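Comments concern the structure below.
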Amino acid sequence: MAEHVILFAGPMGAGKTTAIRSLSEIDVVSTEAANTDRAQADKDTTTVALDYGELTLGPDEKVRLYGAPGQKRFDFMWTVLAERAKGLLLLVNNDLPDPIAKVIEYLGEFEALVAGGAVVIGVTRSDVAPTPDLGAYADALAQWHPDRTIPVFTADPRSTDHMRTLLLTLVASVEAAEIIASATSDASETAA
């Protein structure tokens, strides 16, 4: 059975836990604690270690969904969770003071996953903060990483359909990256 490990990352309040709950076929394992940083996000709880869910895409394909805590003080978990991940689903809340800068910051934090080529960005809360629009994200990403195209979508983490679109796009990117890596490796061995 093919197994994909996908990491959901992004700032606190972007909707990572909600997205995993929207997608998971099992009860989500969650490490929520009382939010003591209401200035950063006005919500009752926050993830302090990880969220975990699973989704079966077909008879031979399973996706393991890991959610990273959004607060920088828990960034040691980012490294732990990123080790097995094959793809990064980055969520950012568009109502942040500078959400594009936040995306660039998180892409830098997860550079190893970005270098692997499997990244999708979901912009949440664009219903309450319509700007910046997706074009602004695309322009900033093109300047930051001109040799890579990173898909950017608006997304409601409560919507299974929205999150499934992002996830399927990411899984396709993971599979494409694996095929390219395998072909490159085979070509190198043949040349040697």
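As for the stretch 96-104, it holds no residue that is under 25 Å from residue 23 (Cβ atoms) and either surrounded by fewer than 13 Cβ atoms within 10 Å (Cβ to Cβ) or among the acidic types (Asp, Glu) (or both).
Given the structure, is residue 23 modelled with pLDDT of 95 or more and within 25 Å of residue 114 (Cβ to Cβ)? Considered against the rule, which asks whether it is modelled with pLDDT of 95 or more and within 25 Å of residue 114 (Cβ to Cβ), residue 23 comes out as yes. Could you go through the stretch 160-180 and let me know if any residue there is assigned to a strand (DSSP E or B) and in contact with a His (Cβ under 8 Å, 6 or more places away or on another chain). The answer is no, given that none of the residues of the stretch 160-180 is assigned to a strand (DSSP E or B) and in contact with a His (Cβ under 8 Å, 6 or more places away or on another chain). Counting the residues of the stretch 109-125 that are among the small types (Gly, Ala, Ser) and modelled with pLDDT of 95 or more gives 1.
Looking across the stretch 105-130 at every residue that is without any contact (Cβ under 8 Å) to a residue 12 or more places away in the chain and not hydrophobic (A, V, I, L, M, F, W, C), the one that is surrounded by the most Cβ atoms within 10 Å (Cβ to Cβ) is identified as 105. Taking the criterion of being of a type in the set (Gly, Ala, Ser) and under 12 Å from the mean Cα position of the chain (by Cα), the residues of the stretch 63-112 that qualify are 67, 68, 70, 82, 85, 87.
The values are calculated or read from the model by the stated rules, or taken from the named source; none is laboratory data. On a predicted model such as this, the values are computed, not experimentally measured, just so you know. Every residue, glycine as well, gets a Cβ built from its backbone with ideal geometry; the counts of neighbours run over all protein chains shown.
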